[in-house]
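Structure record follows, encoded as structure tokens.
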Amino acid sequence: MYLKVYGMNGTIRVGNLFGIPFYIHPSWFLVLGLVAWSYSSGLTAQFPWLSGGLALTLGLMTALLLFASVVAHELGHSFVAISQGIDVKSITLFIFGGLASLEKESETPGDAFWVAIAGPLVSLVLCGVFTVIGVTTAATGAAAAILGVLASVNLALALFNLIPGLPLDGGNILKAAVWKITGNPYKGVSFASRVGQVFGWVAIASGLIPLLFFGSFANFWNLLIGFFLLQNAGKTAQYARVQEKCTGLTAEDAVTNQSPIVSANSSLREFADQRIFNNQDWKAFLVTDEDGKLIGAINIDDLRTIPTTQWVETPVSAVMKSIEQSTTVKSDKPLLEVVQLLEQQKLSTLSVIRENGVLVGILEKAAIIQLLQNKTQPNPV
């Protein structure tokens, strides 16, 4: 699977794979233990001559090879994405397999198709490789059993991911197809997300029905997968709607009216009077020079560091603090990239400046939400 996301919460970074940050979610260790224990028990039952320690070792080795196959699947997506100039933020192993997090979407539906199909193709190739190794080496006993499991699991991984619903690879293939037909990538995401939600409900039903009517937990895994599909398909559809609404908008379009701005040459007394006279509730103000360029910021609490008797002769520039470059954004930057920046850096506001450094105003996350809401409301007749 791959998504245009930026990692999963609570993950543990364990290194890099070909320059790609590699993370493991704590849920992976649970699955690793269950798979190792389950398969070692199967080997002991199938080959009684195996000692318990050897069977457990073989079970653990098989589990690790299975997850290595999942990593290879995600690397398939990643290498194709990189070849298209798309940065891969991370690869994460978690309870349902693996996830490659991509910086952005492909530029064309054809490119999107190849990124999506790359993972299942790698799994099919691995299925063939393990099958050929088993046949050509005439493997017997536990070795043959392990090779058979690796081949069958890779086949299952490819087929499962080809289910045509987001967030699975098949959903991304479907998205690319709808995008190609309609010329609109967001329609592709919307349609593939709805299909993914349908499969999610089907999976939940297949897990609940045996549980409720027969008390059987045989399909309990389907229940978990269903919730995973339902949740992520919904998030993907929601993000696509935000993307569509942001199309054509820039950072300047979301600048707050009457942004908190003060001149560096103003005295602290003028600054305080201006704030009271205009009834502004801002706690911090952006500071500009005589050319209107952003040079710093001043907080209301900073006034307390200067005695009120000195406010008349003390300029704002004497109290202001510098602004970090990461909290400013160019006025012509696409609004969707601004939204991503706010999310990545956990910011609620950004200072918007023109190419020459002149301040346009302040941009708030709440203002973006309001702008997008207004865009969807019908114009009065």
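The values are calculated or read from the model by the stated rules, or taken from the named source; none is laboratory data. The shown structure was predicted, so the numbers you read here are calculated from the model rather than taken from an experiment. Methodologically, a virtual Cβ is constructed for each residue, glycine included, from the backbone with ideal geometry; neighbour enumeration extends over all protein chains shown. We work out accessible area using only protein heavy atoms, side chains counted, and drop any ligands, DNA or RNA first. Shrake-Rupley method; radii C 1.70, N 1.55, O 1.52, S 1.80 Å.
For region 252-272, the condition of being of a type in the set (Phe, Trp, Tyr), farther than 25 Å from residue 338 by Cβ, outside any helix (DSSP H, G or I) and modelled with pLDDT of 85 or more holds for none of the residues. Evaluation of residue 133 against the conditions (1) assigned to a helix (DSSP H, G or I); (2) out of contact with any Pro (no Cβ under 7 Å at 6 or more places or on another chain); (3) buried (at least 19 other Cβ atoms within 10 Å of the Cβ) shows that the sole unmet condition is (3).
Applying the condition of being of a type in the set (S, T, N, Q) and within 15 Å of residue 329 (Cα to Cα) to region 238-258 and asking which residue is surrounded by the most Cβ atoms within 10 Å (Cβ to Cβ) yields 250.
Among the residues of region 136-180, those identified as in a loop (DSSP other than H, G, I, E, B) and touching a Ser or Thr at 6+ places or on another chain (Cβ under 9 Å) are 165, 166, 167. Restricting attention to region 288-298 and to residues that are out of contact with any Ser or Thr (no Cβ under 7 Å at 6 or more places or on another chain) and aliphatic (A, V, I, L, M), the residue that is surrounded by the fewest Cβ atoms within 10 Å (Cβ to Cβ) turns out to be 297. Checking each residue in region 105-130 for being touching a residue at least 60 places away in the same chain (Cβ under 8 Å) and either open to solvent by 70 Å² or more (accessible area, probe 1.4 Å) or assigned to a helix (DSSP H, G or I) (or both) picks out 109, 110, 112, 113, 115, 116, 119. For region 350-376, a tally of residues being surrounded by fewer than 16 Cβ atoms within 10 Å (Cβ to Cβ) and part of a strand (DSSP E or B) returns 1.
Inclusion of residue 100 among residues that are of a type outside the set (Val, Ile, Thr), in contact with a Phe, Trp or Tyr (Cβ under 9 Å, 6 or more places away or on another chain), over 21 Å from residue 228 (Cα atoms) and open to solvent by less than 60 Å² (accessible area, probe 1.4 Å) is not warranted.
Each residue in region 292-328 was checked for being touching a Gly at 6+ places or on another chain (Cβ under 8 Å) and under 21 Å from residue 251 (Cα atoms), and 3 of them qualify.
For first residues located in region 60-75 and closer than 11 Å to residue 157 by Cα and open to solvent by 20 Å² or more (accessible area, probe 1.4 Å), partners that are at pLDDT below 95 and among the β-branched types (Val, Ile, Thr) and lie 6+ apart or on another chain with Cβ distances below 6 Å form the pairs 66/153. Could you check how many residues of region 216-251 are in contact (Cβ under 8 Å) with a residue 12 or more places away in the chain and not in a helix (DSSP H, G or I)? Here the count works out to 4.
Remark: pairs (first residue in region 10-31, among the basic types (Lys, Arg); second residue surrounded by 18 or more Cβ atoms within 10 Å (Cβ to Cβ); Cβ separation under 8 Å; 6+ apart in sequence or on different chains) = 13/22; 13/23. No other residue among 203, 192, 284, 176 is over 21 Å from residue 117 (Cα atoms) and modelled with pLDDT of 90 or more apart from 203.
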